Every structure is written in C-alpha cells, then in structure tokens.
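What follows is one structure encoded as structure tokens, with my remarks underneath.
The numbers here are math on the coordinates, done by the rules we state, and not lab data. Only a predicted model underlies this, so the values are computations on that prediction, with no experimental measurement involved. All Cβ positions, glycine included, derive from the backbone under ideal geometry; neighbour counts span all protein chains shown.
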Amino acid sequence: MNSELLLPKGFCLLETQVAGHTFSSDAKALGMLKNEILGCVLKPMGKPECGERELAFYESVTDSNDPILNKVRSLIPKFYEKIKLRVNTIDHTFLKLEDLTHCIKKPCIMDIKIGKRTWDPLATAEKRDVEEKKYIQCKQKLGLCLPGFQVYSQTPLTQEEVVLRYGKDYGRQLNDSEFRKTVSLFLQCQKVVCWPLVQELLSQLYAIRDWFSEQRLFHFYASSLLVVYDYETVRFLTGSTQNGTRESLPNGNAQNDACNFKYEDLAPTAISSARHVQNVSPYIKVRMIDFAHVFPASDGSPDTNYIFGLQNLIKIIEDLLSR
C-alpha cells in the first residue's frame, strides 16, 4: 500500500502494527507510520476528543514535576511532539512517539488491552453495550483482551522460520485457558521456558504494578500494554540456557538505545558474564500505550479495574516459571 499512498518524506507504513486502526485501501482511514532513521512512529490523533485527551496525557507526563508522573515516564513510549503532515494531499495531525521496535530486526509484538471495563465515563449506553460484548470470555474472567500480536516461530518439520500474525478476530474467540496458551506461544515457552525473557518481562510488569499501586491521579480505560522482544536474541538465549541456568541478563544499559550489541556475538560460555557487558541494547520492552480514554480519578481512588487485569497477566506469566 506504500506505493498507493502519498506519504511524508522519510515515512512508511508501520508494518509491525498489530492492533488499532490501520490504513484502508482508499486511504480514508489512517494507520500508524514510522521513520526508521529517526526511530519514531506517527500515531493519528483520530477523533478530536480522543486525540486531544491522549495528547493531554502525554503532555502532562512530559511537562510535570510531580514525582508520580515522573515515575511513569519510563513506563510509556517517549513523546516528542504533536505534528501536522500531509497524507494523500490531506493534512492530518499525529502524535510523534518512540518506535518501540527500533533496532529490532525480528520483533515479536503483543498488544494486550487491560481491564474488565473498557468503556469510559462519557460512553453512551449503546457504546457500553458494544464494549461489553467484545472479548467477553477473557475480559470478564481475566480483565484482559488480545487485539493482536505477531510472533516469529519455526515450523515443526522443516524448522523454517515463519511470522505468525493474529488479529482481533482470533482474540475475541479466546477463553481464559486459550489466552494462557497464546501467551505461552508468544513467549516461545511451549517446550523450554526462556528464563531471562520471562524474568525480565515480569520485572517490567512489576514496575507498572508498583506505579498503579501508588498513583491516584488517573483511571485508564481501553488502554493496552505493548510487549516487544527480539526473536533472534530470545532464540539464542533459549538455546544457551537449556542447561538449567535461571540467571537474569541485562536488558539495556546502552545510551540512546544503541543497536550495536547482540547476545549472539557472545560465546556460549560467556552468557553467565553477559550482565557485565556494556552498551547492551534492550531485547524486550513493555510499555503502557493508548491513552485516548484516560480520565482523572475524581475520587482519588486506585484504578482497580486496571490493576485487576494487570495482576492476572502477571500471574499467568509467573505460572510459566513453575512449569
């Protein structure tokens, strides 16, 4: 579709987008764009009230000296600016954000919507009814929805490398047991658990949980967690840790997210000392995304709706380590 669209110079479609609005064939509906050189993505602001609400959240976090908001900066994509660009001769407004897949050649990506309730305080009765009927099996029991994901895998017989992509139609059919199996598939845990990957994923989820246990500023509706990891690194780590080691490994101490270090460059015997290697680029990232339905917590109460789903996700992933 890139050839059919007149895009801003340097930008192309975000081909790794696994959920949310995408470009339609007539280009009337907008999806996300990316600039590989700049390491950023453009997210259309969409409906005015939703786009302005998301912009307001990013700006409040970026500009605030509040210690609670300072803590959440590392838990969300970096926000650069609001920008107006022309697509197919029409001006559109975008949020310019960090590209979480930048420097990852084979990104495995999962969008997980958090919370049993996905409609916001301004939703009409009709909107509430529509939302309640979506992802009903997983959402009501786990407070989790799966709008989409992509994962690299190998075919059982030929070991040929393939990319599996699943969208909202797949996610809407999942029950809680199938959701757990899908998480296991995504994390390459069908046969051998990659402990460094799972431990680092949990570490980042715990940080998000800690923030929600403390913050009383916002309630998040229809917001997601985006999990991104590098398949090449995880495949290498899985092969190198099958001997039973359960040691965690560094997940990025490089300045400016440098892309020049690969775990594959280490000898297998050097894995245990990899924590001391400098300039390591992150191989897994977990970030909160989608803030079009973030509202002030008017009563100063914790966001129990979000915490319910987040805690269930943590438990599902913790269970992988007990297998």
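Some notes on this structure:
- Partners of residue 105 within straight-line reach, counting lysines whose Cα lies under 23 Å from its Cα and excluding those fewer than 8 residues away in the same chain: 9, 34, 43, 78, 96, 262, 285.
- Whole-Hz Karplus values for the range 62-77 come out as 5, 9, 8, 9, 5, x, 5, 6, 4, 5, 7, 4, 7, 9, 10, x Hz, taken residue by residue from phi with 6.51 cos²θ - 1.76 cosθ + 1.60 and θ = phi - 60°; glycine and proline positions read x.
- One chain, two ends: residue 22 and residue 210. Fully extended at 0.36 nm per residue, the span grows by 64.4 nm beyond their Cα-Cα distance.
- At an R0 of 35 angstrom, the distance between the Cβ atoms of residue 71 and residue 37 translates into a FRET efficiency of 0.70.
- Listed values for the range 164-170 are Karplus-derived 3J(HN,Hα) couplings in whole Hz (6.51 cos²θ - 1.76 cosθ + 1.60, θ = phi - 60°), namely 9, 10, 10, x, 5, 4, 5, and x replaces Gly and Pro.
- Residues residue 62 and residue 163, FRET efficiency given R0 of 41 Å [Cβ-Cβ distance, rounded to 0.05]: 0.75
- Extension gain, residue 299 to residue 47: 0.36 nm times the residue separation minus the Cα-Cα distance gives 88.0 nm.
- FRET efficiency estimate (nearest 0.05) - Cβ-Cβ, residue 190 to residue 122, R0 51 angstrom: 0.75
- Residues whose placed amide H lies under 5 Å from that of residue 40, excluding near-sequence neighbours: 35, 99
- Working note: Karplus 6.51/-1.76/1.60 with θ = phi - 60° gives the range 98-106 the couplings 4, 8, 6, 9, 4, 6, 9, 6, 10 Hz, where Gly and Pro are set to x.
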